[in-house]
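Contents: one structure, followed by commentary.
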Amino acid sequence: MTVSNPQRILMVGAGGVGSAAARIAVRRDFFEVFVVADYDEARARKVVADVADPRFVAARIDASNAEDVARLAREHRATHVFNAVDPRFVLPVFNGALAAGADYLDMAMSLSHPHSSEPYAKTGVKLGDEQFAAAPEWERNGRLALVGIGVEPGLSDVFARYAADELFSEIEELGVRDGANLEVDGYSFAPSFSIWTTIEECLNPPVVFEKDKGWYTAPPFSDPEVFDFPEGIGPVECVNVEHEEVLLMPRWVDAQRVTFKYGLGDEFINVLQVLHKVGLDRTAKVSVGGVEVSPRDVVAACLPDPAGLGDRMSGKTCAGTWVTGVGKDGRPREVYLYHVVDNAVSMAEYGSQAVVWQTAINPIVALELLAEGVWTGTGVLGPEALPPKPFLDKLVAYGSPWGMEERTPSA
């Protein structure tokens, strides 16, 4: 499809997901400028050198400073600000984009804050609350903030909308289920995604949605279940984890219940629990030898960079949405809509490991749909607010097909 007004994209963050996004985007023609910005300008320059395309330029940015985000967006006349940094920087990047008059996309939402007295029963400030509070201002300015458009949240939410539109007349449960059989040679503990983000979502109280109760919380790693993942991954024990889908899906999709469960494994859970017990999950700085440091940042610095693990990694990762309810024919139905990436394939074709590549492809697909005018809107919207079929078709066109398994409905 012809794009009459090519985008000018400012991507904030040149880490694993950002570098993968650049490698995917360079093969597309819907934009004229793609600024790769990072606090470490050398890292941004390396990404630009790797893609070797004159549309890409490198810049330095302070993602914690909304004014700096707005300055750089104005300098490059950015039409879209694409947030590819840790969720602690969501609000300044989000606010900077609006100040610069640009549209905005992210893959994680503004952080939650537990309930002060009943953290494992009631919600406090929920994921995304601070962004949704700003929706009227985005609408008044005629700008779009498309939030949660990675893989989870993101593609999982597109699956939910597709199920509601095409497959079900009534939905009982939307259950996002994430599992993998990935192994990293030479490391006993090497997370395949940002450890900062992993700690945040795994140790916070997970949120569950039920239509008659609304949103409520549970203890971390609660309600374990074994879920059978497709394409050779097999059964994986999954547990409750805090995630944006539970906060996004009920806003646009009618379902009795929404959950998110992640296949972490006992060893991974044990490591996270130990980090919590000794206070190494904290973000508040402590003084060490006269130097102020964040314990969580120290943990991140001690672990290998997830972006550099691809050569040592083997196996597949699966993201998907399990849906139960009543089909269009009035009969009970149960399906699992999913997307699997084989690390060997993503490394061979893009030089990016499977988990970061699977996250990165979705915002690039979304940006292209926005450039074509297929996806439009103003305000703060989740992926569920937009038509799902064009997205899923475009994903296939990118050479990364999705799948659907029909399963036997529970009695």
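Details
- Lone qualifier among E152, E173 - being surrounded by 22 or more Cβ atoms within 10 Å (Cβ to Cβ), over 16 Å from P390 (Cα atoms) and acidic (D, E): E152
- Residue-level analysis places W357 among those that are touching a helix residue (DSSP H, G or I) at 6+ places or on another chain (Cβ under 7 Å), aromatic (F, W, Y) and at pLDDT 95 or above.
- Look at the stretch 11-32: where a residue is outside the structural domain of V81 (by TED's automatic domain parsing), no partner that is surrounded by 24 or more Cβ atoms within 10 Å (Cβ to Cβ) sits 6+ places away or on another chain with Cβ atoms under 6 Å.
- Any hit, the stretch 9-23, residues being among the aliphatic types (A, V, I, L, M) and more than 24 Å from the chain's Cα centre (by Cα): no
- Given (1) surrounded by fewer than 13 Cβ atoms within 10 Å (Cβ to Cβ); (2) in contact (Cβ under 8 Å) with a residue 40 or more places away in the chain; (3) basic (K, R), index of the condition K277 fails: (2)
- Taken over the stretch 293-316, the criterion of being surrounded by 15 or more Cβ atoms within 10 Å (Cβ to Cβ), in a strand (DSSP E or B) and either free of Cβ contacts under 8 Å to residues at least 12 places away in the same chain or hydrophobic (A, V, I, L, M, F, W, C) (or both) is satisfied by M313 alone.
- Residue list for the stretch 21-42, filter: crowded, with 18+ Cβ neighbours inside 10 Å and more than 21 Å from P6 (Cα to Cα): D38
- Selection within the stretch 161-209 - under 23 Å from D86 (Cα atoms) and of a type in the set (D, E, K, R): R177, D178, E200, E201
- Counting residues in the stretch 177-192 that are more than 20 Å from the chain's Cα centre (by Cα), surrounded by fewer than 19 Cβ atoms within 10 Å (Cβ to Cβ) and of a type in the set (A, V, I, L, M) gives zero.
The values are calculated or read from the model by the stated rules, or taken from the named source; none is laboratory data. As the structure is a prediction and not an experimental result, all values here were calculated from the model. With ideal geometry, Cβ positions are generated from the backbone for all residues, glycine too; neighbour counts draw on all protein chains shown.
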